[in-house]
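Peer 1: Below you'll find the structure I mean.
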Amino acid sequence: MPWRGRWDPGRERERMVTHQLRERGIRDERVLEAFGRLPREAFVDPGRERSAYDDRPLDLGRGQTISQPWVVAVMLEALDLHPTDRLLEVGVGSGYAIALASSLAGETYGVERIPELADAARERLDRLGFRAIRIRTGDGTTGWPEAAPFDAILVSAGGREVPAALVSQLKPSGRMVIPVGGEFEQDLLLVRRTESGEVSQRSLGPVRFVPLISDPHPG
Ligand code: SAH
């Protein structure tokens, strides 16, 4: 049997940053540093740590996935986050993307539709020291009106259209990334509101996300 050495998450993380992110065109050093600091293995189920740095989405239970690192990096780079930005994530899942995003932004809010996932993410983020992130259970397509407006909105599940409530909760100069399209493939859109309030959008390329679901979760 070949000797495979001790599993070293720090080294895996460095390799991920180099090969999955930097070599594939992620240029924003703040984004690369954020990925280099956050232990992705803390966001997977116990026993699955060794898959944490695989170049793919990872199963997080309840039919949901933690996105592939490269896709999260593309989204975060496009959002161009700054330390004073007020940020919303729709689809918190494991909490991995919101942890990265919050390390680049200011006040951070997240909505997750499945109560068990929201609870687990809250606990995990608390344990990792991300105590300022506020997470609530519910339908994120209606945003978080009490905390709006936001400088940046990250939507981590794919829907048929851009929810109007989310656009209305963007500040002037605000940015939102959101996968929009069908069940099996979506277009990752960067939606921007200008200073004068006009809304523009451009595509960042094809992606595949789990569905953005507006119905309440049964359990
Ligand atoms: N950003 C997550 C990825 C989670 S997958 C991570 O880093 O782990 C997408 C998540 O969106 C799932 O957990 C799913 O339950 C959630 N979701 C789907 N529709 C939603 C909605 N309308 N409001 C809030 N969360 C939603």
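The values are calculated or read from the model by the stated rules, or taken from the named source; none is laboratory data. Only a predicted model underlies this, so the values are computations on that prediction, with no experimental measurement involved. Every residue, glycine as well, gets a Cβ built from its backbone with ideal geometry; the counts of neighbours run over all protein chains shown. Protein only, heavy atoms only, side chains kept; ligands, DNA and RNA dropped before computing areas. Shrake-Rupley method; radii C 1.70, N 1.55, O 1.52, S 1.80 Å.
Peer 1: With axes computed from alpha carbons, what is the tilt in degrees of helix 69-79 against the longest principal axis of the chain, rounded to the nearest 10 within 0 to 90?
Peer 2: So the inclination is approximately 30 degrees.
Peer 1: In whole Hz, what ³J(HN,Hα) sequence does segment 178-185 give by Karplus (6.51, -1.76, 1.60; θ = phi - 60°), x for Gly and Pro?
Peer 2: 7, x, 10, x, x, 6, 9, 8
Peer 1: Two decimals, Cα atoms only, Kirkwood Rh: what is Rg/Rh over the chain? If you can, show how the numbers build up before the last one.
Peer 2: Values: Rg = 16.7 Å, Rh = 17.5 Å.
A ratio of 0.96.
Peer 1: With every protein chain left in place, what is the accessible area of S196 in Å² (1.4 Å probe, nearest 10)?
Peer 2: 100 Å²
Peer 1: Further, regarding this structure: Taking θ as phi - 60°, what are the ³J(HN,Hα) couplings along segment 127-135 by the Karplus curve (6.51, -1.76, 1.60), each to the nearest whole Hz, with x for Gly and Pro?
Peer 2: 4, 7, x, 8, 7, 8, 7, 9, 10
Peer 1: Show me, for segment 87-101, the HN-Hα J-couplings you get by feeding each phi into the Karplus relation (A = 6.51, B = -1.76, C = 1.60, θ = phi - 60°), rounded to Hz, glycine and proline as x.
Peer 2: 10, 10, 10, 9, x, 5, x, 6, x, 4, 5, 6, 5, 4, 4
Peer 1: Carbon and sulfur together cover what percent of the accessible area of the chain at a 1.4 Å probe radius? Don't skip to the end; give the middle numbers.
Peer 2: Values: 5370 of 10990 Å².
Roughly 49 percent of what the probe reaches on the chain is carbon or sulfur.
Peer 1: By accessible area of protein heavy atoms, probe 1.4 Å, what ranking do S102, S214 get, highest first? Each step should come with its number before you reach the end.
Peer 2: Working: S102 20, S214 65 Å².
Putting S102, S214 in descending order of accessible area: S214, S102.
Peer 1: Let me check something: with ligands and nucleic acids excluded, how do W144, W70, W7 order by accessible area (1.4 Å probe), largest to smallest? Let's see the in-between values first.
Peer 2: Values: W144 25, W70 80, W7 55 Å².
Listed by decreasing accessible area, they come as W70, W7, W144.
Peer 1: Take E107 and E14, extend 7 Å from each Cα along the Cα→Cβ direction, and tell me the distance between the two endpoints in nm.
Peer 2: Distance between the two pseudo-spin positions: 3.9 nm.
Peer 1: Mind listing the long-range amide H neighbours of F150? Cut-off is under 5 Å, sequence gap 5 or more, other chains count too, H placed in the peptide plane at 1.01 Å from N.
Peer 2: L170, K171
Peer 1: Top to bottom by accessible area (1.4 Å), largest first, where do F209, F130 land?
Peer 2: Descending order: F130, F209.
Peer 1: Please compute the Kirkwood hydrodynamic radius of segment 38-164 from all pairs of different C-alpha atoms, in Å with one decimal. Don't jump to the answer; show the numbers that get you there.
Peer 2: Working: mean 1/r = 0.0683 Å⁻¹.
Roughly 14.6 Å, rounded to one decimal.
Peer 1: Of L190, L154, L204, which is the most mobile in a GNM of the chain whose springs link Cα atoms less than 10 angstrom apart?
Peer 2: Among L190, L154, L204, the largest mean-square fluctuation in the Gaussian network model of the chain belongs to L204.
Peer 1: If you don't mind, another one. Keeping all protein chains in the complex and leaving out DNA, RNA and ligands, what accessible area do you get for I133 with a 1.4 Å probe, in Å² to the nearest 10?
Peer 2: Here the accessible area works out near 20 Å².
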